[in-house]
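In what follows, a structure is listed as structure tokens, so that the remarks can point back to it.
The values are calculated or read from the model by the stated rules, or taken from the named source; none is laboratory data. Keep in mind that what you see is a predicted model, and the values were worked out from it rather than measured. Quick reminder, even Gly has a Cβ in these numbers, built from the backbone with ideal geometry, and neighbours come from all protein chains shown. Note: areas computed on protein heavy atoms with side chains; ligands, DNA, RNA excluded. Shrake-Rupley method; radii C 1.70, N 1.55, O 1.52, S 1.80 Å.
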Amino acid sequence: MCGIVGYAGPQHPEPTTRPLDVALQGLARLEYRGYDSAGVATLEGERVQVTKRAGKLQNLREVLGENPVTAGAVAIGHTRWATHGAPTDGNAHPHHGGYDGELALVHNGIIENFAALRAELERDGYTFTSDTDSEAAAHLVAREMQRTGDLTAAMRAATARLEGAFTLLAIHRDAPGTVVAARRNSPLVVGLGEGENFLGSDVAAFVDATQEALEIDQDQVVTVTADVVTVTDAEGQEITDPRRYAIDWDARAAQKGGYASFMAKEIHEQASAVADTLRGRIEGGTLQLDDMSVDESVLRSIDKIVVIACGTAAHAGSVAKYAIEHWCRIPTEVELAHEFRYRDPVVTEKTLVVAISQSGETMDTLMAVRHAREQGAKVVALCNTRGSSIPRESDAALYLHVGPEIAVASTKAYLGQIIASYLLGLYLAQVRGNLFADEIAALMEDLEQIPAQIQQVLDRADEVEQLARAMRDATSVLFLGRHVGYPTAMEGALKLKEIAYIHAEGFAAGELKHGPIALVEEGQPVFVIVPSPHGRESLHAKVVSTIQEVRARGAKTLVIAEEGDEDVVPYSDVVLRVPRTRTLFAPLLTVIPLQIFACELATVKGLDVDQPRNLAKSVTVE
Ligand code: AGP
């Protein structure tokens, strides 16, 4: 949601296109976050130039092609995902601030007290030209600049008046060569270059220019010029040691690399992504996690685990529950983060909260993390994005290391989240003595086989793609699974809904007779995820009965089953095979045909696979 980019480079004697080029390239790399308008602002001499357009970045590029803009040393850019006001040219960012439009500002987040601020600023004679909450921030910073003559002080004073969530970036006619930014409950990172510096909603904004980044904490203000980056707190005190980190994402990961979509590419990267999540976890015979700074004695004392997450990450959490309860014998609940926070959950110092998030910026999950910590719980974040808010505000973090995920529909991060949950479960089992070292080693050995097995499933993508093409006119698809197959069914349905816009429902197979079977009529496609016949016999037999039940009512049965499982054949219209693995590890394989199915179906329908309508990659507002 909303992408922000900022650039400060050297003052050239002649106007240059570098600041604008950096801003546009950054915005292109942030497109994946989802947006409906885009804009840039530059400072040329004393002129603050703003260009913005509704729609895709291409519209903005076309206007800039017709009316070229150069810059002195700075530029800011923005992709907007509309909240206050429709996605029009006027509501797009940047917004001018001040009586003469002497400032330009971009904003990510929601300013909750904007109506009162707007009324106050209108009384002072400031003119508003948009319906956005952000324009109030632009005038507010401009008014403070007029009072103080210092853009950093102006930003600090203005943000002290704001309620809600924001990342703000501003440039001003009287502060040439400077971009000032601030954040509260919304992401912001700084990229440190040589003779130039960058700002972004995430490192994707500048990953091709530098591999060095700085974290900006809550309520901090950062002042960026070509050579100096200064971070100050809400009182104006300089932070002398802001946290620096190396960006381990490869710029090439933000390119499609020959695939029709980022989603297709990310699906096909899953074997190596999972290998990366697993890499280097065993040292000296014991399991190691990244930032596991929660004391082992605390981990031994916990009596409950609550997994909090949203969407796909919550499905990964549901898989985690089966594994963690089985290995660690700790009662484990999985709850949607937005529900957790508002229902007054029972959380104590003996509760371990596990927050799962690809982006690390999902506001619902972040708020739930804060709520849990306020109740005294320890929080471990399973996250893909270093430097993001959720791991920063948690007690410990385990990173997925699957590389940047660009497509809105999560695929490789889902597998990374499941693996990370397993690692956490095994770590807890190790610390608490629930499993012996040789048992953990045997499980890890089988996990190490998973990347090769994922590759085997991917090698059969053709079969699934053919099926998807044949079903391009489907209007409803059902997904059934039991045990760990249940979250897989939910995830398969979510993928199809979000990118192919097809009505899809995932059910626990055992629930079928309690209602959903009424939906089954002649020709209704039903995916069934079948557990291994080598696991619990009763589990397998029950799911085979489910296939029979829906088939008897006319369903077209699309079955995902282990190689060699012949029991399913008589009742299946289509069988998609996955290699044999432990029951608990099967979700890493069985979900892949469902991802490929959704991706191919959306592709043949001619839909925007990577940026589905109405959705944003990271949901940074509640
Ligand atoms: C997945 O395909 C979704 N687009 C969405 O459900 C996502 O998983 C959810 O918004 C949580 O995001 P996070 O992992 O970045 O917190």
Using only helices, what value at 222 nm comes out for the chain when you add -39,500 (n - 2.57) per DSSP H run of length 4 or more and divide by the total residues, to the nearest 500 deg cm²/dmol? -11000 deg cm²/dmol
Once the Cα atoms of helix 461-470 and of the chain are each reduced to a long axis, what angle between those two axes, in degrees from 0 to 90 to the nearest 10, is obtained? 80 degrees
Compute and list, largest first, the equivalent-ellipsoid semi-axes of the stretch 162-291 from the alpha carbon gyration tensor, each √(5λ) rounded to a whole angstrom. 33, 20, 14
If you average over every viewing direction, what projected area does the convex hull of the Cα atoms of the stretch 412-487 give, in nm²? 6.9 nm²
For the chain, the longest principal axis of the Cα atoms and the Cα long axis of helix 57-66 enclose an angle in degrees, to the nearest 10, of 30 degrees
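Looking at the stretch 194-252 from every direction and averaging, what is the projected area of its Cα convex hull in nm²?
In nm², the orientation-averaged hull projection of the stretch 194-252 is 4.2.
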Can you tell me the alpha carbon radius of gyration of the stretch 451-598 divided by the globular rule-of-thumb value 2.2 N^0.38 Å? 0.94
Taking Cα centroids, how far is the stretch 210-240 from the stretch 489-513 in Å? 45 Å
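Going by average Cβ density within 10 Å per residue, which order do the peptides 233-243, 184-194 take, highest to lowest? Display every interim value, and only then the final one.
Working: 233-243: 11.1, 184-194: 22.2.
For the peptides 233-243, 184-194, the packing ranking is 184-194, 233-243.
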In 10 Å bins starting at zero, report the fraction of Cα pairs in the stretch 145-216 per bin as a rounded %. 19, 45, 31, 5
Starting at 0 and stepping by 5 Å, how many percent of the alpha carbon pairs of the stretch 320-362 end up in each bin? 5, 17, 26, 25, 19, 7, 0
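Report, to two decimal places, the Cα Rg of the stretch 489-551 normalised by 2.2 N^0.38 Å (N = number of residues).
1.19
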The stretch 47-106, accessible surface, carbon-and-sulfur percent (1.4 angstrom probe): 49 percent
Express the Stokes-Einstein translational diffusion coefficient of the stretch 338-407 in µm² s⁻¹, to the nearest whole number, given a Kirkwood radius over alpha-carbon pairs, 37 °C and a viscosity of 0.692 mPa s. 271 µm²/s
Translational D in µm²/s for the chain (Stokes-Einstein at 10 °C, 1.306 mPa s, Kirkwood Rh from C-alpha pairs): 62 µm²/s
Whole-Å semi-axes of the stretch 523-574's equivalent ellipsoid (Cα gyration tensor): 19, 11, 8
Most positive-pole-ward Cα, HIS401, PHE479, LEU615, against dipole of the chain from beta carbon charges: PHE479
Accessible area of the stretch 473-534 with a 1.4 Å probe: how many percent of it is carbon plus sulfur? 52 percent
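Beyond 23 Å between alpha-carbons counts as too far, so tell me which of LYS378/LYS497; LYS321/LYS350; LYS378/LYS617; LYS495/LYS556 fall in that bin. Don't skip to the end; give the middle numbers.
Details: LYS378/LYS497 35 Å; LYS321/LYS350 17 Å; LYS378/LYS617 27 Å; LYS495/LYS556 20 Å.
The answer is LYS378/LYS497; LYS378/LYS617.
Could you work out the per residue convex hull volume over the alpha carbons of the stretch 1-62, in cubic angstrom? Could the numbers behind the result be given before it?
Working: hull volume 5.0 nm³, N = 62.
So the per-residue hull volume is 80 Å³.
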What does the accessible area per residue of the stretch 344-491 come to in Å², with a 1.4 Å probe and no ligands, DNA or RNA counted? 31 Å²
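Work the Kirkwood hydrodynamic radius out for the stretch 31-97: mean of 1/r over every pair of different alpha-carbon atoms, inverted, in Å.
12.1 Å
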Over all distinct Cα pairs, what is the inverse of the mean 1/r for the stretch 357-443, reported as the Kirkwood hydrodynamic radius in Å? 14.0 Å
Only Lys, Arg (+1) and Asp, Glu (-1) charged, at Cβ; the chain dipole about Cα centre in debye: 1020 debye
Cα-based helix-to-principal-axis angle, 363-374 vs the chain, degrees rounded to 10: 80 degrees
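Can you give the direction-averaged projected area of the convex hull of the alpha-carbon atoms in the stretch 1-160, in nm²? Present the calculation step by step, with values, prior to reporting the outcome.
Working: hull surface 35.5 nm².
Across all orientations, the stretch 1-160 yields a mean hull projection of 8.9 nm².
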Order 98-110, 77-89, 409-421 from most to least packed using the mean count of other Cβ atoms within 10 Å. 409-421, 98-110, 77-89
³J(HN,Hα) computed for each position of the stretch 496-504 - Karplus, 6.51 cos²θ - 1.76 cosθ + 1.60, integer Hz, glycine/proline x: 5, 4, 6, 10, 9, 6, 10, 5, 9
Highest mean first, what order results for 455-462, 5-12 on Cβ atoms within 10 Å? 5-12, 455-462
